[in-house]
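The values are calculated or read from the model by the stated rules, or taken from the named source; none is laboratory data. As the structure is a computational prediction, the values presented were derived from the model and not from experiment. Ideal geometry is used to build each Cβ from the backbone, glycine not excepted, and the neighbour counts take in all protein chains shown. All accessible areas refer to the heavy atoms of the entire protein, side chains included, with ligands and DNA or RNA removed. Shrake-Rupley method; radii C 1.70, N 1.55, O 1.52, S 1.80 Å.
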Amino acid sequence: MLTRNCLSLLLWVLFDGGLLTPLHPEPQQTLEAESRDNVVPVPGRRSSVQRVKRGWVWNQFFVLEEYMGSEPQYVGKLHSDLDKGVGTVKYTLSGDGAGTVFTIDETTGDIHAIRSLDREEKPFYTLRAQAVDVDTKKPLEPESEFIIKVQDINDNEPKFLDGPYVASVPEMSPVGAYVLQVKATDADDPTYGNSARVVYSILQGQPYFSIDPKTGVIRTALPNMDREVKEQYQVLIQAKDMGGQLGGLAGTTTVNITLTDVNDNPPRFPKSIFHLKVPESSHVGSAIGRIRAVDPDFGKNAEIEYNIVPGDGGNLFDITTDENTQEGVIKLKKPLDFETKKAYTFKVEASNLHLDHRFHSVGPFKDTATVKINVLDMDEPPVFSKPMYTMEVYEDTPVGTIIGAVTAQDLDAGSSSVRYFIDWKNDVDSYFTIDATEGTIATNELLDRESTAQYNFSIIASKVSNPLLTSKVDVIINVLDVNEFPPEISVPYETSVCENAKPGQVIQTVTAADKDLSPAGQRFSFRLSPEASNKPNFTVHDYRNNTAGIETRKNGYSRRQQELYFLPVVIEDSSYPVQSSTNTMTIRVCRCDSDGTILSCNVEAIFLPVGLSTGALIAILLCIVILLVIVVLYVALRRQKKKDTLMTSKEDIRDNVIHYDDEGGGEEDTQAFDIGALRNPKVIEDNKMRRDIKPDTLCFPRQRPPVEDNTDIRDFINQRLQENDVDPTAPPYDSLATYAYEGNGSVAESLSSIESLTTEADQDYDYLSDWGPRFKILADMFGEEESYNPDKVT
């Protein structure tokens, strides 16, 4: 095999146009090389260029993969025209695998592969070769790139990457029906030879299936393959390369093919007659037997529907299909009685639900069988004459009154006596008793329809011969009403009338209720009481359907004159004896708009402005409260600002200034600030004992003589001091420091404004600036006040 591939490669190289160039290229090759030469400038010429002929030409080399020889595999030879064979030229190799996979003889230019190559790992290698001068180490030729391709050999067998396969095809399919397509992959080079050309064939699975050798499509090869005969097939598929020729490599896979079911078989009963034995005590709706038809198909094709053919006894039985077992379940529709009939015979038909039109020619897809049922005699419990008993009794019926009876009898051949008793479940059953032998029911207590209108309980009948055999029946006793309660208004009404109401206007519709019977069984009538018939305010209109309307009789009502009206209404029933009652309705006069919508019904609302609702009033009150809060906060902030102390500089004499936070009302306001506090220091020393006296709460009026305009200020102060000393309401001034009198040694004389001129315009405070730095702040203050407000009185 290797020899054949090597020969093929050699011939291809010889006749392919000289991929590996000879040492002395032909003229045609030289021209080809020239077409690929680089253009380099020739020295001494400015505008002309000269092509330099490259002395070596190659494009690509080939090397066999999987080479197993003992010597390195020869790839090719590089040669330059500049190489004269004297050893002055050195050949170098670089690129993919240079030095590791491929080597070059630096002197001869021979290229060898030093290890075995695999095309499936790397199909080609790109290398660069160059001829270098041995002495100068300079390249003699420009570096050229070439490719070494790994020549493929058939070393990989085809593989089914998706195998093993699973497929299905319907049974009874015609010849050539599509089943599945398989595909094998060959890793060899599909562009070279037949190494990757795969051919498919069947090794196992004939004559049932066939395969296309090129596409791998599997089809049926036999007609009418029956699933019920054989369902599973295993087919062995082979894929062989080299076009299936001898020596090619092959791979196999299995294909598991299943025949899917179609409805090609009708259901069949295994026997024509089915015998069943059923006790007569079987309950209605219970299953009394099963029959089955066999269908060899599968899934929905095997689903069977059973039906009873109309005939003898068919109306007593029913049949359904068990979805899990596909059996026909026969059920009892009516009770059986051995004494009446001992056997029944009917036919059952089984048919498929899902039919296939392709197989209609086979025949009808249904089958019929006969069912015979024998009724077995059983010892049965007594049977009541009615399924349920309903009785009626008037309320207040005397105790012991018989109101009805129940009857049960034993239908078996040996008839037995029956005993009756009440199935006691709760205290309600104690209202009645039953005669154990006769089955008569009597009252045991007085009945009240308004308390309980209906009684429900059960009566049990048992056989004397076998007390365990019992039967039960429900008894309903309705208590009839005796008219003993008068009708009344059903609900308390809140009736109102508008002040602008018109005559004949309905302001309320009333209904009545009677404890004796429901309104549907009673007839009520409405009218005004005799004492209210003569009043012209309201009237009652009976609608004769157990309702009545309250209507106005005059034009307009006034809340100021009368806010509430009381209307007596007489309600009468139609039972015997007739019962009636008088119900007083309260009617309130309200203020309404023009459309009759009530605006207000309260007396206080009369004086409120029209159009203001409760929500609007609340909003107004909230606004007022918010305004008051804002005012209080504003006043508090103003007072806080007044409490700020006077800011002075470092030169202020702080122990000579006292701030009382009270501006006062001037000299004319003697009540705001008592100027008598400006006392003479001599008088203070004479009256120290008065400072610890607690003043009484009584306040005596002070007698102040008029002060003349030219009175000396000292006499004035002494006079005020004497008044305060004798005044018991004056507070002690233990910690009061006053500087009203400067004394005789003051350089600045008195600073009191009382001795000032009558008008501030006559005052000149410029002299304060001449007193030194201690009075600088005071001079600035009075100067600012004079400039800002010259009319202010100090």
Can you find a residue that is among the aliphatic types (A, V, I, L, M), loosely packed, with under 11 Cβ neighbours inside 10 Å and touching a residue at least 24 places away in the same chain (Cβ under 8 Å) anywhere in the stretch 557-571? yes
Need a quick list: strands (runs of 3 or more DSSP E) entirely within the stretch 249-350 having at least 2 residues that are of a type in the set (Gly, Ala, Ser). 250-260, 287-292
Determine if the stretch 276-284 includes at least one residue that is open to solvent by 60 Å² or more (accessible area, probe 1.4 Å), within 30 Å of LEU222 (Cβ to Cβ) and touching a residue at least 60 places away in the same chain (Cβ under 8 Å). no
If you check ASN483, ASN456, ASN500, ASN466, which single one turns out to be touching a strand residue (DSSP E or B) at 6+ places or on another chain (Cβ under 9 Å), part of a loop (DSSP other than H, G, I, E, B) and touching a residue at least 12 places away in the same chain (Cβ under 8 Å)? ASN500
Within the set of pairs 6 or more residues apart or between chains, which connect a residue that is assigned by the TED database to the domain that holds THR253 and more than 17 Å from ARG227 (Cα to Cα) inside the stretch 170-182 to a residue that is among the hydroxyl-bearing types (Ser, Thr, Tyr) and open to solvent by 50 Å² or more (accessible area, probe 1.4 Å) with Cβ atoms less than 8 Å apart? GLN181/THR215
In the stretch 253-267, which residues are under 27 Å from LEU203 (Cα atoms) and not β-branched (Val, Ile, Thr)? ASN256, LEU259, ASP261
Take the residues of the stretch 463-502 that are farther than 29 Å from ILE434 by Cβ and β-branched (Val, Ile, Thr): which is surrounded by the most Cβ atoms within 10 Å (Cβ to Cβ)? VAL497
Can you spot a residue in the stretch 236-247 that is open to solvent by less than 60 Å² (accessible area, probe 1.4 Å), hydrophobic (A, V, I, L, M, F, W, C), more than 55 Å from the chain's Cα centre (by Cα) and modelled with pLDDT under 90? yes
Selected residue (only one of ASP516, ASP542 is modelled with pLDDT of 85 or more, of a type in the set (D, E, K, R), open to solvent by less than 70 Å² (accessible area, probe 1.4 Å) and farther than 20 Å from ARG588 by Cα): ASP542
For the stretch 429-437, indicate whether the set of residues that are open to solvent by 30 Å² or more (accessible area, probe 1.4 Å) and touching a residue at least 60 places away in the same chain (Cβ under 8 Å) is non-empty. no
For the stretch 567-582, what are the residues that are of a type in the set (S, T, N, Q) and in contact with an Asp or Glu (Cβ under 6 Å, 6 or more places away or on another chain)? GLN579, SER580, SER581
Restricting attention to the stretch 210-242, which residues are part of a strand (DSSP E or B) and among the polar types (S, T, N, Q)? SER210, THR220, GLN232, GLN234, GLN238
VAL132 vs. criteria surrounded by 13 or more Cβ atoms within 10 Å (Cβ to Cβ), of a type outside the set (D, E, K, R) and farther than 13 Å from VAL150 by Cα: yes
Restricting attention to the stretch 324-338, the residues that are in contact (Cβ under 8 Å) with a residue 40 or more places away in the chain and not β-branched (Val, Ile, Thr) number exactly 8
Quick check on the stretch 126-135. Is at least one of its residues modelled with pLDDT of 80 or more and under 23 Å from PRO190 (Cα atoms)? yes
Residue list for the stretch 346-375, filter: exposed (fewer than 14 other Cβ atoms within 10 Å of the Cβ) and under 21 Å from PHE274 (Cβ atoms): PRO364, ASN374
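Residue-wise test of (1) over 59 Å from the mean Cα position of the chain (by Cα); (2) open to solvent by 50 Å² or more (accessible area, probe 1.4 Å).
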| residue | (1), (2) |
| --- | --- |
| ARG119 | yes, no |
| GLN151 | yes, no |
| PRO174 | no, yes |
| THR191 | yes, yes |
Checking ALA113 against (1) farther than 22 Å from ILE153 by Cβ; (2) open to solvent by less than 60 Å² (accessible area, probe 1.4 Å), the condition it does not meet: (1)
Cross-chain or 6+ apart pairs with Cβ under 9 Å, the stretch 187-199 first and without any contact (Cβ under 8 Å) to a residue 40 or more places away in the chain, then open to solvent by 80 Å² or more (accessible area, probe 1.4 Å): PRO190/ARG197
What about PRO207, is it part of a loop (DSSP other than H, G, I, E, B) and surrounded by 15 or more Cβ atoms within 10 Å (Cβ to Cβ)? no
Against the definition (of a type in the set (A, V, I, L, M, F, W, C), at negative phi and assigned by the TED database to the domain that holds GLU395), how does LEU528 come out, yes or no? no
